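Here's the structure we're looking at; comments come further down.
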Amino acid sequence: MEPQQLRALLGKNIRLVTAWRGLTLARVAAYAGISEASLNHALAGRAAMTVDRLAKIANVLELEPKLFFERDLRAILKPTPRMVANEGRRQRR
């Protein structure tokens, strides 16, 4: 897998777990001690995610860092009512 693909997967999965936990990216950034702007840049693939930042984010989200690199993280996470509702909205579009 190419670095850009890994960054995209990482960003997608961090967003997924953030929503799954019922948090916002702003709150995750604040709890992790990083700026919201740098988190957004990293999740968009415009900046590299350091191991230190990834570890902080994983601690905030209570998830093993390696799981952020799973291709089908939804299959691992137990669906929450919020995830089910969001998926239903996506399918109706």
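Observations on the model:
- Debye-sum result for the range 1-50 in log10 I(q)/I(0), which assumes one identical scatterer on each alpha carbon, at q = 0.29, 0.32 Å⁻¹: -1.13, -1.24
- Note on K12 and T50: the extension gain reaches 12.0 nm, defined as 0.36 nm multiplied by sequence separation minus the Cα-Cα distance.
- Label-point gap, in nm, between N40 and E62 - each point 7 angstrom along Cα→Cβ: 2.8
- Cβ-based net charge around A42, under 9 Å, with every Lys or Arg adding one and every Asp or Glu removing one: +3
- Sequence-ordered 3J(HN,Hα) estimates for the range 66-77 from the Karplus curve with 6.51, -1.76 and 1.60 and θ = phi - 60° stand at 4, 5, 5, 9, 6, 5, 10, 5, 4, 5, 8, 6 Hz, glycine and proline given as x.
- Protection proxy ranking of 14-20, 72-78, 4-10, 25-31 - average other beta-carbon atoms within 10 Å, highest first: 14-20, 25-31, 4-10, 72-78
Every number here is computed from the coordinates shown, using simple stated rules; none is lab data. Keep in mind it's a predicted model, so treat the numbers as computed, not measured. Cβ atoms come from the backbone with ideal geometry, glycine included; neighbour counts cover every protein chain shown.
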